[in-house]
Amino acid sequence: MGNRQDNGGEGSSQQKERDQQEKQGGLFFEGIKAGLSLLVFKEKTPVDNFILEGVDERKQEKRQKEDVAAIRTGEGDKLGKEARGRERKLRKKESRMNKKPMRVKRLSEPGEVITLANLLVSPELKVNKEYLETIFSLPENKDFVLREFKIFSDKPTDAFVLFMEGMAERRTVNEGVLKPLMLFAGGKDSNIDITGSKMAEYIKEHVVYGNQVDIEEKYEDIVEKVNYGGTAVFIDGCPRCILVETKGWDRRPIGKSETEQIIWGPQEAFNETLRSNTGLIRKSIRNTNLMTELIKVGVQNRTDVAVMYMKNIANPRLVEEVKRRIEAVSSDYVGESGMLEQFIEDHPFMPVPQIMATERPDRVVAFLLEGKVAILIDGNPHVLIVPTTFFSLLQTPEDYYLRLPYGNLLRLLRIVAMFIATTLPAVYVAITTFHQEMIPTDLILAIAAARETVPLPTVVEVFMMEFAFELIREAGLRVPGVIGNTLGIVGALILGQAAVQAGIVSPILIIIVAVTGLASFSIPNYSMAFALRGIRFLFTILAAAFGFLGVSAVFFIILSSLSSMKSFGVPLLVPKGPKTKTESDVVLRGPVWSMEERPDYLDTLNRRRQPRISRKWTVESEKRGDDN
Amino acid sequence: MIIKITKLGYSEAAGLALVFIGTKAFLGYPRLISQLGFTAGWLIILISVFVSMGFWLILSALLAKYPGESLLAINEKVMGSKIGLGINMLLFVYIMLSTGSLLRQFSEAVILTALPEAPVSAVAVLFLIPAWMAAHLGLEAISRSTYISLPFILVGVLVVLLSLYPYWNIEELYPILGAGLGPVVKYGFLNSSVFGEVIILAILASYFSFRTKTLRKVGLFSLVFVGIYFILITVVHLMVIPMPMATESITPFYQLSRAIYLGRYYQRLESVFVIFWTFTAYLRLAIGVMVVALIIRDSFKIPYYQPILPAISLIIFSLALTPTDVLKAVAFERDFRLPYGWVVNFAVPCAVWGVAVLTGKKGRRSRYNGERE
């Protein structure tokens, strides 16, 4: 028995060991599997399947008409049934929405599960206070202020206000809420003796000054508004709460654009407040068709995300897709436009961005009027624009503001800069390593003479200097502002000069690295500049291994991956790959008055931007230009 | 399974055909033509363009009988599933062999011109991996890249040809009939094998968004365009590098770009043009890998082609390294493609067309119309 037990014990320990080994083996194999899964072909996610197409309005209308007809005739055919089913579902949904939440009991009663969603304002002030103390963890949580007072009237009524320190403006709370209630509420002609829920209506209409006053009874709504700077007024005997808009926190004033500077054109940039940002856009588009829809993201931080578009221009499918993606984001914290971008973009692993971020209102306005959708996030000066094309990442608003020849000159310069920023070090490495015959004799002699004392191969030299350059750039960004300027001088002058004198790098390489750096600074989009910086290293590595063949291989890989990419259903390389109808605005642009139609790839509701003849003064008779 | 329908426009279709046929100009094709017809090489091309246009008209008549269907589906429908599959496999083997041969020739050309010390297998691998990656991304990606890069390639070629203007010597084109009327006509017909690769338009017919009538025009346009471009290169080649020497170079286009000398600083540009023709080589190889994979997928009705890409790449790599030396690889053009290419590309489809006309089978939309990924 004992033996058996022992055996059993041994057996079990062996079993354990075996299990452990298997577990380790399993882990090992799982690791291999995980590694292989990166290489093995997988089905694509449905997101790739979204292709932006025009809306067939006639089809939708037809379907609606069919539905109505089927319901009216009451025929028992399939279509009628389906239509009725849809209608019933819709009604059910509506009725559920209309349903009032259950009135719950006091918090103090044991065994009662109360959630914020079904909690309603109680007529008893004391109960409400208890609720709020639980919800906001008062008085430990010092951010929330609960001020008790009596409403001035013949029979003074108990009341209190609740607001968040720092989010609500102190002066508005004092002057617009507390003062009227405590001083003027019960004047001689007043009806302040009315009680119950009517009290709230009366106060809203006659007493408080706030320009936005709501009456709420669900705690869920009250909490949300108080969290966002509102002031809640609770009154004894009234089962409703008055919410006064008192938002007012310290904010950065609207300043100049920091990352997208231009010389010609408006200078203002977005700041961190959602409402001032939407205001900046509205200021430029004084049109009721400009829509702003708010969506909340982030389970914990509940940030407001505004989706802005032109109702009469933007493709409804595009707007739907944008909203669908944002609404489907489920995460604790989404507080920054870059984070939201990562949540909703099509190809997260590709270097080139598929969503443009800008801090310039004029740019957003231009894109909105083109039929694109803007995504604004509260607390963020960067607005996302979708869909984005590759070519628009290389453009600045200034290209349009300047006269045609200057604008095109800038654009050409930038295209050249893009190629220099990606390939110049690679071409230098390829030529000096493999294709020396390309260089004219005098120049090659000069290069050889300069490189005579350098003991390292060209590619090592290039990588060393590129690394140093990136280091200067990164350090220059992180270093405290006061010593920032010194760092630039130290980095650029002393390091380069010393490296040459020490014989570690050749002087010609300093020129190459400097020109490459300059070129990469001239790329207007921050993400795009990052992408090019990364691609440059790929070029250099393959050029060092295979010369121009390597350069051409990287070109090919990048071009084909760009051609396969999409941004919200629109191919990234439109209007060139695939070829779509376009106005003269791709690499170079035509005159402003010749851009008559909106981009074809956006399939906008309203295709025409301006009539065929927009400069009507050029024709003698005014009738010759058709109207927009 | 997510079914994505790929639909390409006519610009992309024409781009595919132009690159698929035209890439040979960067390899030994101008030399081969000079070997066959001496100074009348350009005449051979002219004749073969007309011959292949005739064949293409028959081919597009076959496609018109079954609108929206690819040649692969038509073969199976007209000839029955077994013989049809056999014909499809013949196409598969032909494109596989020609892609393998091109891979070898391109690798050898790179070694000859730019990387003299690189092993051929390394260069071949560097050609194949990006081609495989592009094929993995899909026909859309390849056709768009082709369309975007086409203007640059054409401008590159034109720059080379025009920069040689000081060396153009029109007298080198005489005698007009070169090797004589007999060989010129004979090779004019056989040379249609080179243009026969326009068949990829028929193989990919189900992926195009336009009608068969437009496809016929796209095919004719591609043949004429490639014909003119071949003639230009051959004529300049013969004018700059006169006749006996014209038959000796392994890479005539490289030799042409090497001959450029317009002052002290505008010379020795051959390395720059290496980028142009290697880029074209990448496009051509990617289209080859892609078409082969699509033939397999559509013939055997498998849902995805991506998993078979490694196998296809490996086979093409092996085929490329099979010839023992560069001369044997180059001889493939003369001994295999020239005499037999037109049979696979034109004669067999014409036979299928004959059968279709005789049996009077009508078309219906194909089950596998459109790319599935």
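Readers should treat all values here as calculations from the given coordinates under stated rules, not as data from a laboratory. No experiment lies behind these values; they were computed from the predicted model shown. Neighbour counts run over all protein chains shown; Cβ positions are idealised from the backbone, glycine included.
Quick notes
- Between segment B:164-208 and segment A:401-439, the Cα center-to-center distance that results, in Å: 37 Å
- Whole-Å semi-axes of the ellipsoid equivalent to segment A:123-169 (Cα gyration tensor, √5λ, descending): 22, 14, 7
- Eigenvalues of the alpha-carbon gyration tensor of segment A:274-388, scaled by 5 and square-rooted, set the equivalent ellipsoid semi-axes at 21, 16, 14 angstrom, largest first.
- Cβ-Cβ FRET estimate between A:Asn118 and A:Phe349, R0 fixed at 51 Å, reported to 0.05: 0.70
- Between A:Phe419 and A:Asp600, the modelled label-to-label distance comes to 2.6 nm, taking each label 7 Å out from Cα in the direction of the beta carbon.
- Rounded to the nearest Hz, the phi-derived 3J(HN,Hα) couplings of segment A:585-595 under the Karplus curve 6.51 cos²θ - 1.76 cosθ + 1.60 (θ = phi - 60°) are 8, 10, 8, 9, 10, x, x, 4, 6, 8, 7, where x marks glycine and proline.
- Peptide packing: for A:315-322, A:585-592, the average count of neighbouring Cβ atoms within 10 Å per residue gives the ranking A:315-322, A:585-592, highest mean first.
- Cα-projected label distance for A:Ala502 with A:Lys616, points at 7 Å along beta-carbon direction, nm: 7.1 nm
- With all pairs of separate Cα atoms included, segment B:109-225 yields a Kirkwood hydrodynamic radius of 18.7 Å.
- Convex hull volume of the protein assembly as shown per residue (C-alpha atoms, cubic angstrom): 329 Å³
- With contributions of -39500 (n - 2.57) from each DSSP H run of at least four residues, the per-residue ellipticity at 222 nm computed over the protein assembly as shown stands at -17500 deg cm²/dmol.
- Ordering of B:181-190, A:361-370 by packing [mean C-beta count within 10 Å, highest first]: A:361-370, B:181-190
- Segments A:544-556, B:158-170 sorted - mean Cβ within 10 Å per residue, highest first: A:544-556, B:158-170
- Distances between placed amide hydrogens fall under 5 Å for B:Phe208 paired with B:Leu8, all partners being 5 or more residues away or on another chain.
- When segment A:467-568 is reduced to its Cα atoms, the Kirkwood hydrodynamic radius in Å: 15.8 Å
- Dividing the convex hull volume of the alpha-carbon atoms in segment B:10-359 by its residue count gives 123 Å³ per residue.
- In this structure, A:Ile295 and B:Trp168 have a Cβ-Cβ separation that, at R0 = 51 Å, corresponds to a calculated FRET efficiency of about 0.15.
- Each 10 Å bin, from zero up to the one with the longest distance, holds this percent of the alpha carbon pairs of segment B:172-224: 20, 35, 23, 16, 6.
- Averaged over the residues of peptide B:103-115, the number of Cβ atoms from other protein chains lying within 10 Å of each residue's Cβ is 2.
- Between A:Thr582 and B:Lys7, the simple spin-label model (points 7 angstrom out along Cα→Cβ) gives 2.1 nm.
- The B:Lys82 and B:Phe189 beta-carbon pair, evaluated with R₀ = 41 Å, returns a calculated FRET efficiency of approximately 0.85.
- Segment A:197-240 residues near the modelled A:Lys179 label - backbone nitrogen below 15 Å, point 7 Å along Cα→Cβ: A:207-211
- Here the 3J(HN,Hα) profile of segment B:234-248, calculated from phi with Karplus coefficients 6.51, -1.76 and 1.60 at θ = phi - 60°, is 5, 5, 5, 4, 5, 6, 8, 10, x, 3, x, 6, 4, 8, 9 Hz, Gly and Pro shown as x.
- Gyration tensor (Cα) of segment A:116-244, equivalent ellipsoid semi-axes in angstrom: 22, 16, 13
- With a threshold of 18 Å on the Cα-Cα distance, the over-threshold entries among A:Lys155/A:Lys218; B:Lys82/B:Lys301; A:Lys256/A:Lys296; B:Lys82/B:Lys213 are A:Lys155/A:Lys218; A:Lys256/A:Lys296; B:Lys82/B:Lys213.
- Across peptide B:136-146, the average count of Cβ atoms from other chains found within 10 Å of a residue's Cβ is 6.
- Our estimate of slack between A:Asn485 and A:Glu130, defined as 0.36 nm per intervening residue step minus the Cα-Cα distance, is 122.1 nm.
- Evaluating 6.51 cos²θ - 1.76 cosθ + 1.60 at θ = phi - 60° for every residue in segment B:127-135, the Karplus couplings come out as 6, 6, 5, x, 5, 4, 4, 5, 5 Hz, glycine and proline recorded as x.
- Charge sum, other residues only, whose C-beta stays under 14 Å from A:Val334's C-beta, Lys/Arg counted +1 and Asp/Glu -1: -4
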